[in-house]
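Notes for the one structure printed next.
The values are calculated or read from the model by the stated rules, or taken from the named source; none is laboratory data. A quick note: this is a predicted structure, and the numbers were derived from the prediction, not measured. Positions of Cβ are generated from backbone atoms using ideal geometry, with glycine treated the same way; all protein chains shown enter the neighbour counts. Ligands, DNA and RNA are stripped out before the accessible areas are found, and what is left, the full protein with its side chains, is counted by its heavy atoms. Shrake-Rupley method; radii C 1.70, N 1.55, O 1.52, S 1.80 Å.
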Amino acid sequence: MERATFIVLFYIKRTKKLKDGTSPIYVRVTVNGQRTEFGMQLSILETAWSKDKGRAIGSSKESKMLNASIETAYLKLHEKRVEMERSGIEVTAQRIKNEYFGINESRRTLLEVFNEHNDRCKSLIGIDFAQGTYERYVACLAHIKRFMTFMYHKNDIPIAEVTQVFIRDFEFYLKTERKCANNTTVKYLKNFKKIIRIALANGWLKVDPFSNIKYHLDEVDMDFLTEQELHVLLNKELKVERLQQVKDVYLFCCFTGLAFVDVKSLVYSDIQKKDGKLWIKKRRQKTKNWCNIPMLEPAIHIMNKYRSHPLCQKNGTVLPVLTNQKMNAYLKEIADVCGIKKNLSTHTARHTFATTVTLANQISIEVVSKMLGHSSINMTKKYARVVDDLINKDMTKIYGKYEHAEV
């Protein structure tokens, strides 16, 4: 386990003077940049305190007794830190404070642990977590809060009270009260399961409430544009600027296969020239795998169209991409205007690239997998459904072969 940075500081609160004119002494514990503080139940005149040393000044009996109390507290805090490190327990400022006061960690609450996790997750955005991952945990926490209020009329519970019944009730609540589909529910349960694993690892839970709970994701056929629908969208001029902008970004993804988060962060240094052709060479944020994508003419045209766009120049990006939520909302509007009877979202563009733009034009699945930045072809198979035209092209090879066969 990596050793935590640990700082203990004693100071006086000059703004909270007591009736006798003394100022209360506080201690601040900082671990890995996160801190907590509490009063020492001691006080001293401001003139008798050394700010630099964090101790009382002088050799009087009162000063010596006060400094002895401070030193005892200092040693006890360090002792608690060492005990945690030896036990393999993650050292946090709040946990050291709890240990110092003898607060039973097993009584930690569900929301306390969940909030701690989310705070750490937020600090690691762009390092170990994507923004979308953090937002899903925030959404899961919000569902947990509403569920406890709805089901138990409580704002929080000790994490030790999370049982299989609690989880089953939470699953039922998501599917009935929140109208979540099975796959959405499963994703929230997986988020919740991580919080439970943290509690188990730290000894706040003795039994895993997820141990006998099984869940599965339903197979989902994501919509994609057919060749005809793609041409309709290409040829449709939208008078509303925001819709035209969203349409162009969507089409760019249809012809490059980039996921939303990757097109949003696409910069010109990700685009290289090779053998007279432009290529997108970029690591996917989700998997960290490289995407190597030759740029088709529609994508190049869209890129050049927005080269001088104010938002692109300000952010240094290739395209002016809105939030995923706004994109998906506007895509529903665009589908209605174009007469496309499908539930368009930013992710359907990636499916369109895999199915209509590449596989239907007889690009091998191995090449498609490489362009999509997948770790295996099995992942690509989920995206690329063989369309009727491709089946028909292959079947023409045997049409007529069995015309005169006797049955």
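Say we look at the stretch 320-342 and pick out the residues that are among the basic types (Lys, Arg) and in a helix (DSSP H, G or I); which of these is farthest from residue 223 (Cα to Cα)? Can you show your working first?
Step one: list which residues in the stretch 320-342 are among the basic types (Lys, Arg), which gives 326, 332, 341-342.
Keeping just the survivors that are in a helix (DSSP H, G or I) gives 326, 332.
Values: 326: 19, 332: 13 Å.
Applying the filter and picking the extreme gives 326.
Would you tally the residues in the stretch 289-308 being surrounded by fewer than 18 Cβ atoms within 10 Å (Cβ to Cβ), aliphatic (A, V, I, L, M) and in contact (Cβ under 8 Å) with a residue 60 or more places away in the chain?
1
Inside the stretch 365-375, can you point out the residues that are without any contact (Cβ under 8 Å) to a residue 60 or more places away in the chain, open to solvent by 50 Å² or more (accessible area, probe 1.4 Å) and not acidic (Asp, Glu)?
367
What about residue 89, is it of a type in the set (Val, Ile, Thr), modelled with pLDDT under 95 and either open to solvent by 80 Å² or more (accessible area, probe 1.4 Å) or in contact with a Gly (Cβ under 8 Å, 6 or more places away or on another chain) (or both)?
On the way: of a type in the set (Val, Ile, Thr): yes; modelled with pLDDT under 95: yes; either open to solvent by 80 Å² or more (accessible area, probe 1.4 Å) or in contact with a Gly (Cβ under 8 Å, 6 or more places away or on another chain) (or both): yes.
It is true that residue 89 is of a type in the set (Val, Ile, Thr), modelled with pLDDT under 95 and either open to solvent by 80 Å² or more (accessible area, probe 1.4 Å) or in contact with a Gly (Cβ under 8 Å, 6 or more places away or on another chain) (or both).
When residues of the stretch 65-86 are filtered for being surrounded by 12 or more Cβ atoms within 10 Å (Cβ to Cβ), out of contact with any strand residue (DSSP E or B) (no Cβ under 8 Å at 6 or more places or on another chain) and among the basic types (Lys, Arg), how many remain?
2
Going by the conditions given, is residue 286 in contact with an Asp or Glu (Cβ under 9 Å, 6 or more places away or on another chain), within 18 Å of residue 262 (Cα to Cα), touching a residue at least 60 places away in the same chain (Cβ under 8 Å) and open to solvent by 20 Å² or more (accessible area, probe 1.4 Å)? Show your work before the answer.
Values: in contact with an Asp or Glu (Cβ under 9 Å, 6 or more places away or on another chain): yes; within 18 Å of residue 262 (Cα to Cα): yes; touching a residue at least 60 places away in the same chain (Cβ under 8 Å): yes; open to solvent by 20 Å² or more (accessible area, probe 1.4 Å): yes.
So residue 286 fits the description; yes.
Please count how many residues of the stretch 1-51 are open to solvent by 40 Å² or more (accessible area, probe 1.4 Å), over 37 Å from the mean Cα position of the chain (by Cα) and at positive phi.
1
From 354, 360, 335, which residue is within 21 Å of residue 230 (Cβ to Cβ), touching a Leu at 6+ places or on another chain (Cβ under 7 Å), without any contact (Cβ under 8 Å) to a residue 12 or more places away in the chain and open to solvent by less than 50 Å² (accessible area, probe 1.4 Å)?
Details: 354 fails: without any contact (Cβ under 8 Å) to a residue 12 or more places away in the chain; 360 fails: without any contact (Cβ under 8 Å) to a residue 12 or more places away in the chain.
Within the list 354, 360, 335, the selection yields 335.
Could you please give the count of residues in the stretch 259-273 that are outside any helix (DSSP H, G or I), open to solvent by 20 Å² or more (accessible area, probe 1.4 Å) and more than 14 Å from residue 313 (Cα to Cα)?
Of all residues in the stretch 259-273, those outside any helix (DSSP H, G or I) come to 259, 265-267, 271-273.
Retained after the next criterion (residues that are open to solvent by 20 Å² or more (accessible area, probe 1.4 Å)): 265, 267, 271-273.
So of that shortlist, the ones also more than 14 Å from residue 313 (Cα to Cα) come out as 271-273.
The total comes to 3.
I want to confirm something. Restricting to the stretch 144-157 and keeping residues that are assigned to a helix (DSSP H, G or I) and open to solvent by less than 60 Å² (accessible area, probe 1.4 Å), which single residue is farthest from residue 84 (Cα to Cα)?
Start the filter on the stretch 144-157 by keeping residues that are assigned to a helix (DSSP H, G or I), which leaves 144-152.
Still in the running and open to solvent by less than 60 Å² (accessible area, probe 1.4 Å): 144, 147-148.
Details: 144: 30, 147: 34, 148: 32 Å.
Residue satisfying both the conditions and the ranking: 147.
State whether the residues of the stretch 158-174 include one that is polar (S, T, N, Q), free of Cβ contacts under 8 Å to residues at least 60 places away in the same chain and surrounded by 15 or more Cβ atoms within 10 Å (Cβ to Cβ). Walk me through it before giving the result.
To start, the set of residues in the stretch 158-174 that are polar (S, T, N, Q) comprises 163-164.
If we keep only those that are free of Cβ contacts under 8 Å to residues at least 60 places away in the same chain too, we end up with 163-164.
Checking the rest, the ones that are also surrounded by 15 or more Cβ atoms within 10 Å (Cβ to Cβ) come to none.
There is no residue in the stretch 158-174 that is polar (S, T, N, Q), free of Cβ contacts under 8 Å to residues at least 60 places away in the same chain and surrounded by 15 or more Cβ atoms within 10 Å (Cβ to Cβ).
Return only the number of the condition from (1) open to solvent by 50 Å² or more (accessible area, probe 1.4 Å); (2) modelled with pLDDT of 95 or more that residue 311 does not satisfy.
Result: residue 311 fails condition (2) only.
Tally time: how many residues in the stretch 343-366 are in a loop (DSSP other than H, G, I, E, B) and within 22 Å of residue 306 (Cα to Cα)? Before the answer, list the steps.
Our first condition is that a residue be in a loop (DSSP other than H, G, I, E, B); within the stretch 343-366, this holds for 343-345, 362-364.
Applying the additional criterion that residues be within 22 Å of residue 306 (Cα to Cα) yields 345.
Here the count works out to 1.
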